[in-house]
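Okay, structure first, notes after.
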């Protein structure tokens, strides 16, 4: 599932997944943009893409989405939250609370979707959870403090998901099958094709090799 799939990165990742014979559930809150995504994929869809309208920062809506998909027999093998954006500049004094709250929505979407679909990912033969983060976490700047803080929190949450996957496998005395991974990029627009390829490749890698890992994509 691509959560927040109506961006250019969502289209690129959806295309890469469909090309790898995956079925994609593309989720967004704007029906017109979801329809545009479906149109852009065109003949590539061929039943391989399902679009779902959902506000990913609304817990009730995310819970309802999970129930709707389960009722239709849709069980996730992967979850990639793509809600995001950039606001910054002006040093610390330029970091407004409005900017922080707007950026925080991406972290909210990560928390809500990972909780709602964790059981699906653990039950999968190869469940994968991956987020897009930023090199700003390793070298935060005053003008991007809000942004770096939200990305750092998102990385910490994803590593906690990874630990949960590993703990559940140990307690069940089963091999690790689910993995949570952080992809760090500096400028997403310039590496989106490599990001898409890296995400597809997560299913080719053993879960142990990519669980609780930070992958730099440049």
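Name the single residue that is nearest to residue 194 (Cα to Cα) among those in the stretch 13-29 being surrounded by fewer than 19 Cβ atoms within 10 Å (Cβ to Cβ) and touching a helix residue (DSSP H, G or I) at 6+ places or on another chain (Cβ under 7 Å). Checking each candidate, the answer is 15. Taking the criterion of being part of a helix (DSSP H, G or I), without any contact (Cβ under 8 Å) to a residue 60 or more places away in the chain and in contact with a strand residue (DSSP E or B) (Cβ under 9 Å, 6 or more places away or on another chain), the residues of the stretch 12-36 that qualify are 14, 18, 31, 34, 35. For the stretch 167-193, a residue qualifies if it is touching a strand residue (DSSP E or B) at 6+ places or on another chain (Cβ under 9 Å), under 24 Å from residue 113 (Cα atoms) and not in a loop (DSSP other than H, G, I, E, B), and the qualifying residues are 179, 180, 181, 182, 183, 184, 185, 188, 192.
Which residue out of 58, 120 is modelled with pLDDT of 95 or more, under 21 Å from residue 181 (Cβ atoms) and surrounded by 15 or more Cβ atoms within 10 Å (Cβ to Cβ)? Explain how you work it out, then say what you get.
On the way: 58 fails: under 21 Å from residue 181 (Cβ atoms).
Going through 58, 120 in turn, the sole match is 120.
Restricting the stretch 195-218 to residues that are in a helix (DSSP H, G or I) and surrounded by fewer than 15 Cβ atoms within 10 Å (Cβ to Cβ), which is nearest to the chain's Cα centre (by Cα)? Steps first, please.
Initially, the stretch 195-218 is screened for residues in a helix (DSSP H, G or I), giving 195-201, 207-210.
From what's left, surrounded by fewer than 15 Cβ atoms within 10 Å (Cβ to Cβ): 201, 208-209.
Working: 201: 15, 208: 19, 209: 19 Å.
So the residue we want is 201.
Filtered by the rule that a residue be within 15 Å of residue 24 (Cβ to Cβ) and outside any helix (DSSP H, G or I), the stretch 55-100 gives 72, 74, 75, 76, 77, 78, 79, 80, 81, 82.
For residue 53, the requirement of being at pLDDT 95 or above, surrounded by fewer than 18 Cβ atoms within 10 Å (Cβ to Cβ), within 17 Å of residue 154 (Cα to Cα) and under 17 Å from the mean Cα position of the chain (by Cα) is not met. Please work out if residue 159 is in a helix (DSSP H, G or I) and surrounded by fewer than 18 Cβ atoms within 10 Å (Cβ to Cβ). It is true that residue 159 is in a helix (DSSP H, G or I) and surrounded by fewer than 18 Cβ atoms within 10 Å (Cβ to Cβ). Within the stretch 112-153, the set of residues being assigned to a helix (DSSP H, G or I) and within 16 Å of residue 62 (Cβ to Cβ) comprises 112, 113, 114, 115, 116, 117, 118, 119, 120, 121. Being surrounded by fewer than 23 Cβ atoms within 10 Å (Cβ to Cβ) and without any contact (Cβ under 8 Å) to a residue 12 or more places away in the chain holds for only one residue in 142, 71, 136, 125, and it is 71.
Of the residues in the stretch 166-187, at least one is at pLDDT 95 or above and at positive phi. Between a first residue in the stretch 201-218 that is within 17 Å of residue 155 (Cβ to Cβ) and a second residue that is part of a loop (DSSP other than H, G, I, E, B) and modelled with pLDDT of 95 or more, which pairs have beta carbons less than 6 Å apart while being 6 or more apart in sequence or on different chains? If the second residue must be part of a loop (DSSP other than H, G, I, E, B) and modelled with pLDDT of 95 or more, the pairs left are 210/202. Restricting 32, 98 to residues that are out of contact with any helix residue (DSSP H, G or I) (no Cβ under 6 Å at 6 or more places or on another chain), under 27 Å from residue 155 (Cα atoms) and at pLDDT below 95 narrows the list to 98.
The values are calculated or read from the model by the stated rules, or taken from the named source; none is laboratory data. Everything numeric here is computed off the predicted structure, so don't read it as measured data. Here the Cβ is made from the backbone with ideal geometry for all residues, glycine too, and neighbour counts use every protein chain on show.
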